[in-house]
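Trainee: I am attaching a structure below and will ask some questions about it afterwards.
The values are calculated or read from the model by the stated rules, or taken from the named source; none is laboratory data. A quick note: this is a predicted structure, and the numbers were derived from the prediction, not measured. Cβ: placed from backbone, ideal geometry, glycine included. Neighbour counts: every protein chain shown. Note: areas computed on protein heavy atoms with side chains; ligands, DNA, RNA excluded. Shrake-Rupley method; radii C 1.70, N 1.55, O 1.52, S 1.80 Å.
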Amino acid sequence: PRFNHSSQNFYNELKNRVNAYFKETGKKESGNSILYTKAILYTLGFAATYCWLVFFTPAVGWALLGCVLLGGFAATIGFNIMHDGAHGSFSKYPRLNDAAAWSLNVLGGSSIMWKIKHNVIHHGFTNIEGMDDDIEAQPFLRMAPQQKLYPLHRFQHIYFPFLYGLLYFAWIFHTDYKKYFTGKVNETPFKSLSAAEHISFWSFKVLNLFLFVVLPIIMVGFLPFLIGFAVFVFMTGVSISIVFQLAHTVEHTEFPVPDADTGFIENEWAIHQVNTTANFATRNKVWHWLLGGLNFQIEHHLFPKISHVHYPALSRIVKKACADYGINYIEYPTMRTALASHVSFLKRMGVAA
């Protein structure tokens, strides 16, 4: 797909306003002490919970709660540390950004595959069927109006939490390997990996298997491991799936279709990003702290290389620019209303047009 590059007035004006903000305030676009404090707290919380579960074996009830907590910490590390690091916005130092992105590798994913799937394809072609891997869950879920409708989709607004809970497990043990061996994200090929990237991919996969499968089985036994691991991955999967889906698959976001012959898309890239993305609960400081600014998804898609700690301020700039240019700025006041819109969207996608 090709965006309209003949006129980028909106994006140019938006960049000028954002640049002026940073010049006037003297702030850096990368993370600050707030982000680094969160990174330390979430990392220590995850490590402490892991050690408690694996090496000290609490009673069953406490262990189950600990597994839920571990999944929550894994999600917040992904939202706050990995996500900024992978976009190069965690720090002004590239090596520190790489280290932050590698937190995903320890948790079982591949930062190499994530950067291709997320940074390049999802951010480049948001909500475009056949390109954006984030809306590809066929045949189990229909996430775009251009996708094929199956009879089971009639109930997808009911069973979707179960499938979301399986996402993290599938990510670790299936989708990363599928991308690695096929050399494609969805149907989009990517360039061959370097020798260092091959080594990194397999080294971290082995490390994750040891930390989260082999060692727990040795320390607590197979059945306790199996139950605990299931709770952990389900909690992580539900958390990350809901947050990412609330940003794009809701009632008011668009799913543009490129011209069949030319691949041309009418809007410029920045307008496309605003039309296909939604914010939610932007006035809730707790959600902003936990979600790493992913509730300010519009600002993130327009300025992915700027750290999420600046998104509340940038949202006022972006919202004003959208109003000036007559562009619809999609925002849900609370997490609850955004979730209700997502459920309504899934229900609508589950029936014929």
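Trainee: Can you tell me which residue in the stretch 9-44 is most open to solvent (accessible area, probe 1.4 Å), limited to those that are of a type outside the set (S, T, N, Q) and not in a helix (DSSP H, G or I)?
Mentor: LYS28
Trainee: Can you pull out the residues in the stretch 1-43 that are farther than 29 Å from MET82 by Cβ, of a type outside the set (D, E, K, R) and at pLDDT 95 or above?
Mentor: ASN16, ALA20 - these are the residues of the stretch 1-43 that are farther than 29 Å from MET82 by Cβ, of a type outside the set (D, E, K, R) and at pLDDT 95 or above.
Trainee: May I ask you to verify whether THR262 is assigned to a loop (DSSP other than H, G, I, E, B), in contact with a Ser or Thr (Cβ under 8 Å, 6 or more places away or on another chain) and not basic (Lys, Arg)?
Mentor: no
Trainee: In the stretch 219-249, which residues are under 19 Å from VAL60 (Cβ atoms) and β-branched (Val, Ile, Thr)?
Mentor: To start, the set of residues in the stretch 219-249 that are under 19 Å from VAL60 (Cβ atoms) comprises 219-235.
Correct list: VAL220, ILE227, VAL231, VAL233.
Trainee: So, restricting to helices (runs of 4 or more DSSP H) that lie completely within the stretch 290-350, which ones have at least 1 residues that are open to solvent by 20 Å² or more (accessible area, probe 1.4 Å)?
Mentor: On the way: elements: 297-302, 311-325, 335-349.
Output list reads 311-325, 335-349.
Trainee: Return yes or no: is ALA48 closer than 21 Å to ILE218 by Cβ and either open to solvent by 20 Å² or more (accessible area, probe 1.4 Å) or assigned to a helix (DSSP H, G or I) (or both)?
Mentor: Criteria met by ALA48.
Trainee: Any residue at all in the stretch 218-241 that is within 30 Å of ILE265 (Cα to Cα) and either of a type outside the set (S, T, N, Q) or open to solvent by 50 Å² or more (accessible area, probe 1.4 Å) (or both)?
Mentor: Yes.
Trainee: Quick one: in the stretch 245-255, which of the residues that are crowded, with 19+ Cβ neighbours inside 10 Å and not hydroxyl-bearing (Ser, Thr, Tyr) is nearest to LEU339 (Cα to Cα)?
Mentor: Top of the filtered list is LEU246.
Trainee: For the stretch 251-262, check the following and say yes or no: at least one residue is of a type in the set (A, V, I, L, M), under 27 Å from LEU141 (Cβ atoms) and modelled with pLDDT under 95. Spell out how you get there, then give the answer.
Mentor: The first filter runs over the stretch 251-262 and keeps only residues of a type in the set (A, V, I, L, M), leaving 257, 260.
Remaining after also requiring under 27 Å from LEU141 (Cβ atoms): 257, 260.
Of the ones still in play, those that are also modelled with pLDDT under 95 are 257, 260.
So far as the stretch 251-262 goes, yes, one or more of its residues are of a type in the set (A, V, I, L, M), under 27 Å from LEU141 (Cβ atoms) and modelled with pLDDT under 95.
Trainee: Would you tally the residues in the stretch 261-289 being of a type outside the set (Lys, Arg), open to solvent by 10 Å² or more (accessible area, probe 1.4 Å) and under 18 Å from ALA340 (Cβ atoms)?
Mentor: Count: 3.
Trainee: Right, next: Within the stretch 124-149, which residues are aromatic (Phe, Trp, Tyr) and buried (at least 22 other Cβ atoms within 10 Å of the Cβ)? Even if it seems obvious, please write down each step before you answer.
Mentor: Residues of the stretch 124-149 aromatic (Phe, Trp, Tyr): 125, 140.
If the condition is that a residue be aromatic (Phe, Trp, Tyr) and buried (at least 22 other Cβ atoms within 10 Å of the Cβ), then PHE125 is the only one that fits.
Trainee: Also: Which condition number does THR126 fail, the rest of (1) modelled with pLDDT of 95 or more; (2) part of a helix (DSSP H, G or I) being met?
Mentor: Going through (1) modelled with pLDDT of 95 or more; (2) part of a helix (DSSP H, G or I) one by one, THR126 breaks only (2).
Trainee: If a residue must be surrounded by fewer than 19 Cβ atoms within 10 Å (Cβ to Cβ) and either of a type in the set (Val, Ile, Thr) or within 20 Å of ALA352 (Cα to Cα) (or both), how many such residues does the stretch 102-123 contain?
Mentor: The total comes to 2.
Trainee: Got a sec? Which of ASN275, ASN279, ASN295, ASN267 is within 14 Å of the chain's Cα centre (by Cα) and more than 22 Å from PHE73 (Cα to Cα)?
Mentor: On the way: ASN275 fails: within 14 Å of the chain's Cα centre (by Cα); ASN295 fails: more than 22 Å from PHE73 (Cα to Cα); ASN267 fails: within 14 Å of the chain's Cα centre (by Cα).
Only one candidate qualifies: ASN279.
Trainee: Hey, another quick one. Restricting attention to the stretch 48-71, which residues are hydrophobic (A, V, I, L, M, F, W, C) and closer than 16 Å to THR236 by Cβ?
Mentor: Scanning the stretch 48-71 gives LEU53, LEU64, LEU65, CYS67, VAL68, LEU69, LEU70.
Trainee: Also: Name the residues in the stretch 272-301 that are of a type in the set (A, V, I, L, M, F, W, C) and under 18 Å from VAL250 (Cβ atoms), would you?
Mentor: Selection gives VAL274, ALA278, PHE280, ALA281, TRP287, LEU291, LEU294, PHE296, ILE298.
Trainee: Another one. The conditions are (1) open to solvent by less than 20 Å² (accessible area, probe 1.4 Å); (2) more than 27 Å from TYR159 (Cβ to Cβ); (3) of a type in the set (S, T, N, Q), and THR57 fails exactly one of them. Which is it?
Mentor: The number of the failed condition is (1).
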